[in-house]
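What follows is calculated from the coordinates using simple rules that are stated; it is not laboratory data. Note that the structure is predicted; figures quoted are calculated from it, not measured. Neighbour counts run over all protein chains shown; Cβ positions are idealised from the backbone, glycine included.
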Ligand SMILES: C[S@@+](CC[C@H](N)C(=O)[O-])C[C@H]1O[C@@H](n2cnc3c(N)ncnc32)[C@H](O)[C@@H]1O
């Protein structure tokens, strides 16, 4: 018997060789992202927290954190380059949809994208995974609406200009939790990084299960008067025409997000409900 959260975590220890957050690290990452989060606009109770808000997990591996975020009520896009890990993320979605068809509906959107929808939820109550590079398969519109970005990826210097372009396209208030020091990528650039100083947090990973590895949390600051901090100096990263296998992220979600500054982010209540126990309670046992 597996509960809903467990369905996202199974897969075999050999998979950890590529390096991923351990459950304790994931729980802490979610708590860190939740800290300081504001309730969604017009939601005094927090009951709709996370809905209509977009979290990006760029380099999601087998999608364990992305799925947990979705189970918390957030809308999530997860992107993975390696087809084997992408396949494992899809398999976890299929397990959930199969075990709990009254709660979830799964839609295969071509060979490179799968969407899980919460039955009876609003259109934006979605978890979508995409196979490809996050530089290519996430649209400008989606980056501009995201309120949280998790980027647990090693980014060598040749990628930095594209990373700067990606960060520059996020909205003010977007929180980014990253393996790399994103601000350092503005070294020798004419502009200051458009990010608050990063705060370090130790997260348990497969290669550092006890002491954890230091990740950095920062927030996108508003653009200075006169234009973007650095994007003006760089061509934007190429973006695929629409999402693979279908239209981009629902335009209505994007429009409502874009029209609601400051960016709403999932409440602490929603994100702290992400433990396996809480997710299982919420969804009922499956398996
Ligand atoms: C260290 S793992 C992290 C996995 C997961 N986010 C976690 O924390 O457990 C990094 C993942 O990012 C993927 N990756 C690296 N560059 C990528 C890119 N440009 N686009 C999409 N995925 C990428 C790798 O294939 C790998 O699965």
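Couple of notes before you dig in:
- Extension gain for the segment residue 94 to residue 172, taken as residue separation times 0.36 nm less the Cα-Cα distance, is 24.6 nm to one decimal.
- Residue exposure sequence - 127, 179, 18 - by fewest surrounding Cβ within 10 Å: 18, 179, 127
- With R₀ set to 35 Å, the beta-carbon distance separating residue 161 from residue 119 gives a calculated FRET efficiency near 0.25.
- For the peptides 88-94, 101-107, 159-165, the ranking by packing is 88-94, 159-165, 101-107, with the highest mean count of neighbouring Cβ atoms within 10 Å listed first.
- The ranking of 123, 28 by Cβ neighbour count inside 10 Å, starting from the fewest, reads 123, 28.
- Going from the fewest other Cβ atoms within 10 Å to the most, the residues 57, 180 appear in the order 180, 57.
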